[in-house]
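Got a structure for you, written out below as structure tokens; questions coming shortly.
Quick note: the coordinates plus some simple rules give every number you see, no bench work behind them. Here the structure is a predicted model, which means the values were calculated and not measured. Here the Cβ positions follow ideal geometry from the backbone for every residue, glycine too, while neighbour counts run over all protein chains shown.
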Amino acid sequence: MRWSAGDRGNIQDMRGRSGGGGMVPLGIGGVIVVALLSMFTGVNFFDILGGGSAAPDSAAVGTSGSGGVKASPAEERMVDMVDAVARDAQQTWAENLGNRYQPTKVVLFRDAIQSACGYAGSATGPFYCPGDRKVYLDLGFFDELQRRFGASGDFAQAYVLAHEIGHHVQTLLGTEGQMRQAQRADPGSANSMSVRLELQADCYAGVWGHDASKAGRAAAGGVELDPGDLEEALNAAAAIGDDRLQKLGTGRVMPEKFTHGSSEQRRTWFKRGFDTGDPRTCDTFR
Ligand SMILES: [Zn+2]
């Protein structure tokens, strides 16, 4: 994937303020928050967690202010990449939605963070909070994605980010709100509704991928895919499918407990968005 560093205007850098500096470890309260987050956002954080509780590493280096983080050059490069992807993906959505689109930011944090959706630890994985309309990401997740889920490559990382921005689009379009309402009306449908929302976010990620696959983008300062990048995203989509995660966590596959969709479904919907580039083909609710 080719991209160029910008002004980080799509980033809210909380790496220096989150984590270490006097924050409370996640503990049992945090576990409850994670459960609530899972309910609010439809992201099953416990699946990502693999069922464990997550106490953030309180021995984090004490740093102050968002500017004063100690980070390796590799991490700084990753921040630039996240900014470039967020900028590019949001441009796609601004083009698709016109004035219905409102920009979001990616909040970078370390160890733990307070969002409008509650207190979250790194182990929750990246998430979108409809309450403050922001994407939350601990860069450590990208290592996790590679080591634990075997999904490597920068476009695998970009897919995860584009998926979260897809949730932002769902919030702007009211899809997310309608789905919550439907879930309240029929609690028995909660999981299958969640799967539809998640697969649509995958398809939306693909819609951006479609744009990013066009030639000449890098030269114009945008993100441009290299050969093999699509495979990275498809591999990542499959790696975090519910069946794969369940097998990893419990050794069993329980389709009735799916919240995000199977590996095959996630691949399929990402690919659909990627092939068409048209958000209207992402109607997973029909
Ligand atoms: Zn999601």
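Under unit Cβ charges (Lys, Arg +1; Asp, Glu -1), what dipole magnitude, rounded to 20 debye, does the stretch 244-286 have relative to its Cα centre? Walk me through the numbers before you get to the answer.
On the way: 10 positive and 5 negative charges, 39 e Å.
I would put it at about 180 debye.
Please report Y101, Y136 as a ranked list, fewest other C-beta atoms within 10 angstrom at the top and most at the bottom. Mind showing how you got there, number by number?
Working: Y101 18, Y136 27.
So the ranking, lowest neighbour count to highest, is Y101, Y136.
Something else about it: Using the beta-carbon distance between Q178 and K257 and R0 = 25 Å, what value does 1/(1 + (r/R0)^6) give for FRET efficiency, to the nearest 0.05? Please report the intermediate quantities before stating the final value.
Working: r = 23 Å, r/R0 = 0.92.
Between Q178 and K257 the formula returns 0.60.
With an 8 Å cut-off on Cα pairs and a minimum separation of 6 or more residues, tell me the relative contact order of the stretch 175-246 in percent. Numbers along the way, then the final one.
Values: 25 pairs, mean separation 11.3, N = 72.
It comes to 16 percent, rounded to a whole number.
Stretch T250-Q114 to full length: gain in nm at 0.36 nm per residue minus the Cα-Cα span? Provide the component values of the computation, followed by the final result.
Working: separation 136, 0.36 × 136 = 48.96 nm, distance 2.98 nm.
Extending this stretch completely gives an extra 46.0 nm.
R0 = 25 Å: FRET efficiency of E144 with N99, Cβ-based, nearest 0.05? All intermediate terms of the calculation are to be shown ahead of the outcome.
On the way: r = 37 Å, r/R0 = 1.49.
Approximately 0.10, to the nearest 0.05.
Which shape class applies to the stretch 169-236: rounded if a/c is under 1.5, otherwise prolate when a/b exceeds b/c and oblate if not, where a ≥ b ≥ c are the square roots of the Cα gyration tensor eigenvalues? Walk me through the numbers before you get to the answer.
On the way: a/c = 6.24, a/b = 2.37, b/c = 2.63.
Cα axes put the stretch 169-236 in the oblate bin.
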